[in-house]
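First the structure, in the form of structure tokens, and then the observations on it.
The values are calculated or read from the model by the stated rules, or taken from the named source; none is laboratory data. Given the structure is predicted, the values throughout are model-derived calculations rather than measurements. Cβ: placed from backbone, ideal geometry, glycine included. Neighbour counts: every protein chain shown.
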């Protein structure tokens, strides 16, 4: 085995450890690139083959929860082949990263510093490409953000205090620059390199100097959360509706100050707009026109299309509905490129039909003059899709998701951290609504809702 492969393994595993436990290993995001840059300084050749190997090692561990989901929730032989194709596809991108970095470095001759700078440039490009375009093969220009190198730092938001003002691009550059300069220690001298490296870490530590008072929005006292009923136990529309009613009743009896109830994605797995008597059941017996309900459920239009939707129910009526726009490939729709391949088209839809995507412009839930929700449903916020909606300073992200599908706590925690990252990046609060809890997230707080 070539000696450089050991460095590849150390780099990939170190990077994965940062995501496996951000609480303890967040600091690894600053050092996981050092073995790669050390290889460059040693003169080892790192091209497509080595990049592909690095990707296989990293994504095999990182996508383990996705692999387990496919094994337990999908159908047919495709559930065994698809994880291998997915890991190989992602690893191909890291191979392309190594290929272009190697070719660019070769054009610069034997100068190790110039070669390191070439690798730094392509590494920054790769790390910024992954959360925004890695999954382009799905037919959408979307990426995969849960391996973004800044994500583990969101566990301690002070590290990303300057994210909104400096941008993710600059902070990623600083992370890569730190590793690159440290790899030059032996060649260029100890103290000068350490001084330059320390400057690249300054943006991450300046946040610890801020003394801004933590203030949780007053609306937190009026929000209530209900965990959805088990769809395998409550498999009839009325049974599921009655169970939700009982949980609403219990919540409001314990917390009579509640004005808004939130429930996650597909809490009611039937077409709620076709069961308006259920809305009457909830409103007449427990909500009493005084509590607004935000619930994930299906919606069917006049053409028979079914949408994954978020309902805002106010005073016993459907005030507004947001239909999911950016669907999850293979889980909510089959990309056209794969429709004619049986094991892809049957992977999740053997017993059900695909969702339709919203085509009209997105909606805003204008709760009051100074309180707005900008809705997202699960993968939409993970796909890092930008919206063209103009929002006020008092707007919140409202994201409902089904994180119960993933058995790994670390993977679910990454989903939560990505919401906190978006809060820090957009400088906007978020109401996160999962299958076990809801939380109000701000730049300096995380408030769990009862």
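Just a few scattered comments:
- Considering residues of the stretch 314-331 that are under 24 Å from residue 227 (Cβ atoms) and touching a helix residue (DSSP H, G or I) at 6+ places or on another chain (Cβ under 6 Å) only, the residue surrounded by the most Cβ atoms within 10 Å (Cβ to Cβ): 328
- Among the helices (runs of 4 or more DSSP H) confined to the stretch 15-132, the ones with at least 3 residues that are under 24 Å from the mean Cα position of the chain (by Cα) are located at 22-25, 48-62, 64-73, 78-107.
- Just one residue in the set 231, 237, 256 is in contact (Cβ under 8 Å) with a residue 12 or more places away in the chain, assigned by TED's automatic domain parsing to the domain that holds residue 435 and under 24 Å from residue 398 (Cα atoms); that residue is 231.
Let's see how each residue does on (1) surrounded by 21 or more Cβ atoms within 10 Å (Cβ to Cβ); (2) over 30 Å from residue 214 (Cβ atoms):
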position	(1), (2)
123	yes, yes
128	no, yes
133	no, yes
136	no, yes
141	no, yes
153	yes, no
158	no, no
162	no, no
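- Residue in the stretch 216-230 that is more than 30 Å from residue 272 (Cα to Cα) and touching a strand residue (DSSP E or B) at 6+ places or on another chain (Cβ under 9 Å) present: yes
- Here residue 357 clears all of (1) crowded, with 20+ Cβ neighbours inside 10 Å; (2) out of contact with any strand residue (DSSP E or B) (no Cβ under 6 Å at 6 or more places or on another chain); (3) modelled with pLDDT of 70 or more except the condition numbered (1).
- Whichever residue in the stretch 372-390 is touching a strand residue (DSSP E or B) at 6+ places or on another chain (Cβ under 8 Å) and either surrounded by fewer than 16 Cβ atoms within 10 Å (Cβ to Cβ) or in a loop (DSSP other than H, G, I, E, B) (or both) and, among such residues, is modelled with the lowest pLDDT: 389
- Per-region count, the stretch 284-313, residues outside any loop (DSSP other than H, G, I, E, B), out of contact with any helix residue (DSSP H, G or I) (no Cβ under 9 Å at 6 or more places or on another chain) and surrounded by fewer than 22 Cβ atoms within 10 Å (Cβ to Cβ): 3
- Residue match in the stretch 267-278 (condition: loosely packed, with under 13 Cβ neighbours inside 10 Å, assigned to a loop (DSSP other than H, G, I, E, B) and at pLDDT below 95): no
- Taken residue by residue, the stretch 176-184 has at least one member that is outside any helix (DSSP H, G or I) and more than 24 Å from residue 89 (Cα to Cα).
The rows are residues; the columns are (1) at pLDDT 95 or above; (2) touching a helix residue (DSSP H, G or I) at 6+ places or on another chain (Cβ under 8 Å); (3) within 27 Å of residue 85 (Cα to Cα).
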{"site": "108", "(1), (2), (3)": "no, yes, no"}
{"site": "116", "(1), (2), (3)": "no, yes, no"}
{"site": "122", "(1), (2), (3)": "yes, yes, yes"}
{"site": "144", "(1), (2), (3)": "no, yes, yes"}
{"site": "156", "(1), (2), (3)": "no, yes, no"}
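- Taken over the stretch 1-42, the criterion of being in contact (Cβ under 8 Å) with a residue 60 or more places away in the chain and within 12 Å of residue 183 (Cβ to Cβ) is satisfied by 31, 33, 34, 36, 37, 38, 40, 41.
- The residue pairs whose first member lies in the stretch 180-209 and is within 23 Å of residue 154 (Cβ to Cβ), whose second member is in a helix (DSSP H, G or I) and modelled with pLDDT under 80, and whose beta carbons are closer than 6 Å, counting only pairs six or more residues apart or on different chains, do not exist in this structure.
- Residue selected from the stretch 193-210 under the condition surrounded by fewer than 17 Cβ atoms within 10 Å (Cβ to Cβ) and closer than 18 Å to residue 38 by Cα, by the criterion modelled with the highest pLDDT: 196
- Listed by position, the strands (runs of 3 or more DSSP E) inside the stretch 391-450 whose residues that are outside the structural domain of residue 151 (by TED's automatic domain parsing) and without any contact (Cβ under 8 Å) to a residue 60 or more places away in the chain number at least 3 are 395-400.
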